[in-house]
1. Scanning the range A:128-143 for residues that are under 22 Å from the mean Cα position of the chain (by Cα) and open to solvent by 10 Å² or more (accessible area, probe 1.4 Å), which turns out farthest from the other protein chains (Cβ to nearest Cβ)?
2. Do you know which residues across the range B:143-194 are without any contact (Cβ under 8 Å) to a residue 12 or more places away in the chain and on the phi < 0 side of the Ramachandran plot?
3. Can you name the number of the only condition in (1) at pLDDT 95 or above; (2) within 17 Å of A:ASN228 (Cβ to Cβ); (3) out of contact with any helix residue (DSSP H, G or I) (no Cβ under 7 Å at 6 or more places or on another chain) that B:THR229 fails?
4. Kindly establish whether B:GLU178 is among the acidic types (Asp, Glu) and under 22 Å from B:MET314 (Cα atoms).
5. Taking the options B:ILE204, B:ILE157, name whichever one is buried (at least 23 other Cβ atoms within 10 Å of the Cβ) and within 13 Å of another protein chain (Cβ to nearest Cβ).
6. Quick test for you: out of A:ASN311, A:ASN266, A:ASN275, pick the one residue that is touching a residue at least 24 places away in the same chain (Cβ under 8 Å), more than 30 Å from A:SER84 (Cβ to Cβ) and open to solvent by 10 Å² or more (accessible area, probe 1.4 Å).
7. Kindly list the number of the only condition in (1) more than 14 Å from chain B (Cβ to nearest Cβ); (2) not in a strand (DSSP E or B) that fails for A:ASN150.
8. Give the residue that is modelled with the lowest pLDDT, with candidates limited to residues of the range B:103-129 that are of a type in the set (S, T, N, Q) and within 16 Å of the chain's Cα centre (by Cα).
Amino acid sequence: IVVYGGRHTVTLIPGDGIGPELLNHVREVFRFSCVPVDFEVVHVNSALETDDDMNNAITAIRRNGVALKGNIETKHTLPASVKSRNNVLRTSLDLYANVMHCQSLPGVQTRHKNIDIMIIRENTEGEYSSLEHESVSGVVESLKIITRNNSLRIAEYAFQLARDKGRRRVTAVHKANIMKLGDGLFLQCCKEVASGYPDITFDSMIVDNTTMQLVSKPQQFDVMVMPNLYGNVVSNVCAGLVGGPGLVPGANYGRDYAVFETATRNTGKSIAGRNIANPTALLLASCMMLDHLELNDHATSIRNAVLTTMNETRLHTADIGGQGTTLEVVQSIMRIIQSKGQLTSEF
Amino acid sequence: VHRFIGCAAIVSRVLGSFKNGSPQPRNFIREMQTVTLIPGDGIGPEISNAVMKIFEAANAPIEWEERNVTAIKGPGGKWMIPPDAKESMDRNKIGLKGPLKTPIAAGHPSMNLLLRKTFDLYANVRPCVSIEGYKTPYTDVNLVTIRENTEGEYSGIEHLIVDGVVQSIKLITEQASERIAEYAFEYARNNQRASVTAVHKANIMRMSDGLFLRKCREAAEKHKDVKFTEMYLDTVCLNMVQDPTQFDVLVMPNLYGDILSDLCAGLIGGLGVTPSGNIGANGVAIFESVHGTAPDIAGKDFANPTALLLSAVMMLRHMGLHSHGKKIETACFDTIRDKKVLTKDLGGNSKCSEFTEAICQKVRDMD
C-alpha cells in the first residue's frame, strides 16, 4: 500500500466495454467525496498481441499494491499463445483468492430471498492453468492442475475469512467422484484445514448437485470454497440469483497485492457507451478497496449511499428492471453523500 | 419377426417434445416392438413396474424384455456387462433404464460408465420443460441440454506428477466434437427447435474449447435453417438463473453439460421429474431416469415414477409413437396438476401405486 502525504495511489485499468465509463463514475464519486486516492491509469489494448501493455499494468500494480479494474476483453479467435489478459494478471500477481459476497438486496426483485453466500474461489490454477497442447491433429489435451500448496492456501483463506466474519459453515464444492486425484486432493486439503477450525462446520457437495440446490434452495449455503472453474460457475449462478452482474463486487487477494473488480467480470460490450450500465458493482468494489486501504469511513459513506439509492430511493438501471440512467444513479448517490454532511467538493 | 413401423415415422430419430406439438397420423397396422428394460436397483423395480402398468393401460405396442446389468469380469479380465444384456440391447436398439447403484470400492467402474462405453453413448439429451402443477420459482422453462458424453473432463486420465501436484487431463477430439455438434443440429431440426447455442470457455481454454467451438460452427454452416449462437459458460449460468426462457437447445462438452443439465433440472423441479436419453452409435438409444436408487424408500411404495415415465415418453417419441407418447405425458401432467394424488416428493401423501393408478385411469379415460 502506497501512501504519500496522506494520499494513496491506486492503479486503474479501464479495460473494455463498460469498464471505462463506470470507472470514470467511480473517480467522479471519489473526487466528490474528497477521497484521498489518486489513480494511476494504465491502458491495456486487447487487440494487440504483444505483452507490453500487460507488463506495464502489472508493474504499476506491483508498485502501488492495489488496483481497480474493468474487464479486459479476450478475443478468443486469436491464437492460443495470446492468453486471457485478466488471467495473466491474476497469475502474475499470484492473486490466489477470489472473494465474492452475494447478498439479497431488499430493493431488487428476485425469485429467491434471503441469500447471503460468501464464495471463495481458487484463482490461479485448476482448469485455468492455460496449459494445452495438440498431441496429434484433432486431439487436444487441456491440463487441470491441482496442487497441495494452493489447495491448502485457499482452504486456509476460506476458514480464516469465515471465522473473521462470524460465519458458521464452509462447504467445499468439487467433483471428486469423477476427478478422484485432482478434486480428491482439493477436498483432502479442505478437510485438513477444517480440522484446525473446530468452531466452524465443514461439509462438501458435488458441483452439479450444488447448482441444482442453488436454484431451488440457495438459503442453505453460508461460505463456499472451490477450485477455479466451479468457482466461475457458482459465482455466476449466485450473482444471477441476487439480481445480476451489475450488482455484485468482487475482490482478488494475494499475499502482497489486491485487485478489485466486478464479481462476474463481464465486459458488457453491448451496453457500452449508452449510459445504461449499472454502476453498483464497480462502486461497491471500490468501497471494498477503500476498506482494504483502511479508509473505512469513506468506504462506509459511499457504500451506504449506493445501497440507499438501491433499496430506498429505488432508482434502478435497466438491468434490474428500472429506467434510470447510469448518470442519474451516480448523481443520486452523490446527493446522498452530500446530505450526510461530510466534506464534498462541487458537483 | 417383422418390425412394421407405420407410414408416419420413417427412421424418425425424434426425441423429446415438439415445441408446437403437431401429432403424427395414427398408425393402424402396428406390431409390438421390443424394448430392453433394465429395472435397476433400489426403487428401480417398482418404478419400472409403474411404467409398464401405464404403458399397458395406454395400449402402447411395446413388449418389455427385462435384463439385469451388473459388472462381471469377462475373458481377459476386462469388466463388462452381462452378455445377455448386451445381446438384447444390440438386437432391440432401444432401452429403458432405472437407477443403478454405484458401489464404492467395488473394484469396477460405475455401471453407467460401463453402459456408456459398451454402446458408445455419445450424446446425453435432457429436455427441461416446466411442469404445470409442480411449482418452482421458474415458469415457462423449455430448453434442451445436449452433452457430449464420452470425453472432455471425464476422460478419467489423471496423474500424480510429483508429491502434491496433480494433473487431470481434459481431452477434446475433433471426431467427438463433430459428432455431438452434428447431432445437436439434427435434433434441433427434427424437433422444430429454432436455435442451438454452443456453451464454452474458449477465452480460457483456447485450444480445447476452441476446437469444440470450431466443430460447432462447421455444423452450423451445414444447417443454416437453425440459428447458431455461442456463449461463455459463465454467461449462460448468469442468464439461466435470471431468465431461462431465452434458451433453446444447448450443446456443450462433458463437464459443462453435467453442471448445466443438473442446473436446468433444478429449475423445473429436480431429478425426480427430469427425463433423460442417451444416444449411441449404431442406432442404440437408452432412456433413463437420472435420480438415485433411494435405498431408504425402496420397496415401500413411496417412490415417484415420473422421471422414468417421462423418459419412457421420450423413448416413444424417438420410436415414432407420438400419439402414445402424448397420451401418457398428458395423463401424467394432468395428474400432477390435479394435485389430488401425488407422491410425497411432489407434495402429496399418496403411494406410488395410487399415483400410478391415477395416471392409468386418466389414460384409459382418453380412449
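The values are calculated or read from the model by the stated rules, or taken from the named source; none is laboratory data. Keep in mind that what you see is a predicted model, and the values were worked out from it rather than measured. Ideal geometry is used to build each Cβ from the backbone, glycine not excepted, and the neighbour counts take in all protein chains shown. These area figures cover heavy atoms from the full protein model, side chains too; ligands, DNA and RNA do not enter into them. Shrake-Rupley method; radii C 1.70, N 1.55, O 1.52, S 1.80 Å.
1. To start, the set of residues in the range A:128-143 that are under 22 Å from the mean Cα position of the chain (by Cα) comprises A:128-130.
Checking the rest, the ones that are also open to solvent by 10 Å² or more (accessible area, probe 1.4 Å) come to A:129-130.
On the way: A:SER129: 9, A:SER130: 7 Å.
So the residue we want is A:SER129.
2. From the range B:143-194, those without any contact (Cβ under 8 Å) to a residue 12 or more places away in the chain are B:156, B:158-167, B:175; that's our starting set.
Passing the criteria: B:GLU158, B:HIS159, B:LEU160, B:ILE161, B:VAL162, B:ASP163, B:VAL165, B:VAL166, B:GLN167, B:GLN175.
3. Against the list (1) at pLDDT 95 or above; (2) within 17 Å of A:ASN228 (Cβ to Cβ); (3) out of contact with any helix residue (DSSP H, G or I) (no Cβ under 7 Å at 6 or more places or on another chain), B:THR229 comes up short only on (2).
4. Values: among the acidic types (Asp, Glu): yes; under 22 Å from B:MET314 (Cα atoms): no.
No; evaluated as a whole, the condition is false for this residue.
5. Unique residue meeting the criteria: B:ILE204.
6. A:ASN311
7. Condition not satisfied by A:ASN150: (1).
8. B:ASN112
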